[in-house]
Amino acid sequence: MPDPSFVHAAFSSIASRYVTANHVLSLGADILWRERALKMIAEWKPKNLLDIATGTGDLALAIKKALPEVEVLGTDFCRPMLDVAVQRGLTHVLEADAMNLPLPDACYDAATVAFGLRNMADYEKALREFHRILTPGGHLLVLDFSMPEGVLAKPYRLYLHHVLPRIAGLLTGNMGAYDYLGDSIETFPRGEAFCQLLARCGYLAPQALPLMGGIATIYTGQKPV
Ligand SMILES: C[S@@+](CC[C@H](N)C(=O)[O-])C[C@H]1O[C@@H](n2cnc3c(N)ncnc32)[C@H](O)[C@@H]1O
């Protein structure tokens, strides 16, 4: 499981270059994945939404733009990442550990976490905490990397473990932060295993939607009414 102090230090050190590095390394695919997530969120018609591990605010800002009627709060435990989110126009932010949110029970209709849960020290504890702050009937959406299967698997592993850390090192000045990315993706539960984890944490109807052959996956689940 990831070490929170390593994760905090890694994101603090790359905060100012994170947005560019992200789009370059995913060849812009992360933008398409967030758009797919937006379509699902729009169908839920939430009044308010908590974007957990919001980082530099990409998903929270996209939600605010596409769904201006939704009240969006972005939360993250890394102040330098939140500072960039605020500079980019995210007005409501909260510095907090996602596994211990300083929020009352049942206060958000929807919660999202993009590329964040995988970095947390205890996935189950985090998912139960997200469940606690959701209103009955509220929805959770998790967008994260997974591993493609079949012919894509070998070339993707080569890119992930050998090419990506080098390019990222040049872009951000911190190759270590991206060396860890490949290992964290390999060990993060995916597909059916992740859906079972959601069910164990109390979410109804867990679903997995693989994107681009399984390079990333959107998972959803609902808190029972
Ligand atoms: C890869 S970034 C993702 C940022 C953003 N969601 C996006 O889609 O670009 C991961 C974020 O998770 C945050 N994070 C990791 N562990 C956390 C925790 N326990 N509590 C709050 N934030 C955490 C990091 O600080 C970082 O900003």
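We did not get these values from a lab; they are worked out from the coordinates using the rules stated. Keep in mind that this is a model prediction, so the values were computed, not measured. Cβ placement follows ideal geometry from the backbone for every residue including glycine, while neighbour counts extend to all protein chains displayed.
Taking all Cα-Cα distances within the stretch 82-162, those exceeding 17 Å account for 61%.
Alpha-carbon geometry of the chain: the Rg and the Dmax are 16.3, 48 Å, given in that order. Reported to the nearest whole Å, the Cα centre-to-centre distance from the stretch 13-63 to the stretch 196-216 is 18. Extension gain, Ser5 to Val19: 0.36 nm times the residue separation minus the Cα-Cα distance gives 2.9 nm. With viscosity 1.567 mPa s and temperature 4 °C, the Kirkwood radius over alpha carbon pairs of the stretch 108-225 converts through Stokes-Einstein to a diffusion coefficient of 86 µm²/s. In this label model, Val163 and Ala121 are separated by 3.6 nm, measuring between points 7 Å along each Cα→Cβ vector. Size of the stretch 35-142 from its Cα atoms: along the principal axes, largest to smallest, the extents are 34, 31, 24 Å. Overall dimensions of the stretch 5-96, expressed as equivalent-ellipsoid semi-axes from the Cα gyration tensor (√(5λ), whole Å, largest first), are 22, 16, 10.
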